[in-house]
Amino acid sequence: MKTDPAALPGLSTLCIHGGEARDAQGALTVPLYNHTTFGFESTQALLDVINGRAPGNLYTRYGMNPTIRAVEAKLALIEGAEATLLMGSGMAAESATLLGLCQAGDHIVCVGDVYGGTYALMAEQLPRLGINTTFLMGDERARVAQALQANTRVVYFETPSNPNLDVLDIAAIAAAAKAGGALTVVDNTFASPVNQLPLQWGADVVVQSATKFLGGHSDLTGGVIAARQALIDRIAPWRKNLGQIMAPDVAFLLARSLRTLTVRVRQQNANAQQIAEFLSAHAKVLKVNYPGLASSPTHAIAAKQMRGFGGMVSFVFDGDAVQTSAMVDRLRLIALAPSLGGVESLATQPVTTTHHDMAVKERLKRGIVDGLVRLSIGLEDVDDLIADLQQALA
Ligand SMILES: *Cc1c(COP(=O)(O)O)cnc(C)c1O
C-alpha cells in the first residue's frame, strides 16, 4: 500500500493494507519467505545492501527478510512510529530495549506493577550487568521526578497494569522523565495499539508482547518494539547478536492476525465492559478493577489517553484462597489458563499463578489478595460468558 503521511488512512485500513504489497504471482499480501538467506547478482550489489546504500534482503536473523520487513512496516503505521522491530517474544522486546538503551552504571526507574518476567529481568539479571532499578509502587507515581538520578536512562511502566488494571498517566510520567534526561518505555501489551498509542502521549519506546492481543489466537509467541529510528538503531544490534528475531512463519501468522486486530479488540472491549458491570452488581464480588467503569479511580486518566478500555478485567471474590480456587474451577466456558488477549476467555487467580512466588507481604502491598481473579475476555457471546460467571459465583 502506498501511504501519504499527511493523509494516513484509518486504523482498520492500516491493519489490513499497511506494509502489504502484491507479489509477482498476484498474491494480495506479502508472502511467507521462510528463507534464511538471499542471493545477489554481483559482489557490488551485495556490498550495497550490506552497507545500507541499497534496500535489499540478506539474512533473516538480521531482520533483512521481506516477510519480517512487511510486518514491521505494518506495525509502524499502526503504532504511529518511525520504525519497529519484530522480536521472538515480549521478553525479547523488553530485554533488547533495556540493553540497547542502558549500559553498566546506568539506572532504571520502574513505576507500578509490571509483568513477572520484567520484574525478574530488572531485579535479578540486569544488576549482574551493572544496571540497577528503583521500583516505585503504583501509589508512588507522583515521585518519579525524585527517583531520577543523574545516571537514570529509562523510566519504565505498564498501563493498564497486571493484575489490578491500574492506569498510569503516560503524558505526566513521560514529561517528568524527559525533564530528568531519561527516556520513557511503556509496555502496551494490555491495551494494544487499538486502545492506546503511548508514542502519542510522549513515550519514547513502546514494547509489547505480540503473544497476546496482537496475535490474538493463542497460537504464536512474539514481541514488538516501536520507536523513532535513532532509538531503534541502538536496539537493533542487540536483536541481531542475541539472535532474538521473530521467525518468518510467525511473522506471517502475525500479519494474518493483525488484519482483524481492530474488530477483535473493539469487541473484546465491549464484552469486558458488560462483564465488569455484571460483576460490579454481584453480591459475591467485593471489588472490580476495570478502567471503563465510571466508578474506577483511574477512569478519568483512562478516558483521556485510551481509545477503548481493553479486554482485561480483574475482581475480588468474597472468599479465601481455597474458596476462590473452587469458584475458578467451576467455570466451564472460561478456561483456567495464564496468558491473555486471545479469542477465548481465560481466568487466573494471581496468587496461584502469576504471583505465586511473590512474598505475601509484597503481594499485599500490590493489592494482590487471595480472592483476586483476572479475566481475559474473548470473543464468545457475552451472554454465555456472563452465564458461566453467574453459575461459578453462585
Ligand atoms: C506476556 C507479557 C509479557 C511477556 O511476553 P512474552 O511474549 O510471553 O515474552 C510482557 N509484558 C506483559 C504485560 C505481558 O502480559
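All of the numbers you see were taken from the coordinates with simple rules; none came from a lab. Given the structure is predicted, the values throughout are model-derived calculations rather than measurements. Neighbour counts are summed over all protein chains in view; Cβ atoms, including those assigned to glycine, are modelled from backbone coordinates with ideal geometry.
Report ³J(HN,Hα) in whole Hz for each residue of segment 34-51, in order, from the Karplus equation J = 6.51 cos²θ - 1.76 cosθ + 1.60 where θ = phi - 60°; Gly and Pro get x.
After applying 6.51 cos²θ - 1.76 cosθ + 1.60, I find 7, 4, 8, 9, 9, x, 10, 6, 7, 4, 4, 4, 5, 5, 4, 6, 4, 8 Hz.
If you plug each phi of segment 226-241 into the Karplus form 6.51 cos²θ - 1.76 cosθ + 1.60 with θ = phi - 60°, what whole-Hz ³J(HN,Hα) values come out, in order, with x for Gly and Pro?
Whole-Hz 3J(HN,Hα) from phi for segment 226-241: 10, 5, 6, 4, 4, 7, 4, 5, 7, 8, 4, x, 5, 4, 4, 9.
Using only the alpha-carbon atoms of segment 122-261 as identical scatterers, what base-10 log of I(q)/I(0) does the Debye formula give at q = 0.12, 0.19, 0.20 Å⁻¹?
The Debye formula, applied to the Cα set alone, gives -0.54, -1.29, -1.37.
Taking +1 at the Cβ of each Lys and Arg and -1 at the Cβ of each Asp and Glu, which of 86, 108, 50 sits farthest along the dipole of segment 1-121 towards its positive end, judged by Cα position relative to the Cα centre?
Final value for the positive-end residue is 50.
Just rank 108, 50, fewest to most, by other beta-carbon atoms within 10 angstrom.
So the ranking, lowest neighbour count to highest, is 50, 108.
Find out how many positive minus negative residues lie around residue 369, taking Lys and Arg as positive, Asp and Glu as negative, among other residues whose Cβ is under 13 Å from that of residue 369.
Details: positive: 287, 361, 363, 365, 366, 374; negative: 318, 320, 362, 370.
After counting each charged neighbour, the total is +2.
Convex hull over the alpha-carbon atoms of the chain: what's its volume per residue in Å³?
144 Å³
Considering only the chain, what is the antiparallel percent among its DSSP beta bridges, to the nearest 5?
55 percent
If each residue's Cβ is checked for other Cβ atoms within 10 Å, how do 41, 20 rank with the fewest at the top?
Ordered by Cβ neighbours within 10 Å, fewest first: 41, 20.
Ranked by Cβ crowding within 10 angstrom, fewest neighbours first, how are 296, 339 ordered? The partial results should precede the final answer.
Working: 296 21, 339 15.
By the 10 Å Cβ count, ascending: 339, 296.
Can you list residues from other chains, or at least 5 along the same chain, whose modelled amide H is less than 5 Å from the amide H of residue 372?
Amide H neighbours of residue 372, under 5 Å, 5+ apart: 317.
Suppose every K and R has +1 on its Cβ and every D and E has -1 on its Cβ; what is the size of the dipole of segment 289-394 about the Cα centre, in Debye to the nearest 20?
My answer is approximately 580 debye.
Dipole of the chain, Cα-centred, from +1 at each Lys and Arg C-beta and -1 at each Asp and Glu C-beta, to the nearest 20 debye?
620 debye
Set Lys and Arg Cβ to +1 and Asp and Glu Cβ to -1, take the dipole of the chain about its Cα centre, and tell me which of 188, 268, 176 lies farthest positive.
Selected residue: 176.
Restricting to Cα atoms and excluding each atom paired with itself, what does the Kirkwood estimate give for segment 300-394 in Å?
14.2 Å
Show that you can apply the helix-only estimate: for the chain, add -39,500 (n - 2.57) for every DSSP H stretch of four or more residues, divide by all residues, and state [θ] at 222 nm to the nearest 500.
-10500 deg cm²/dmol
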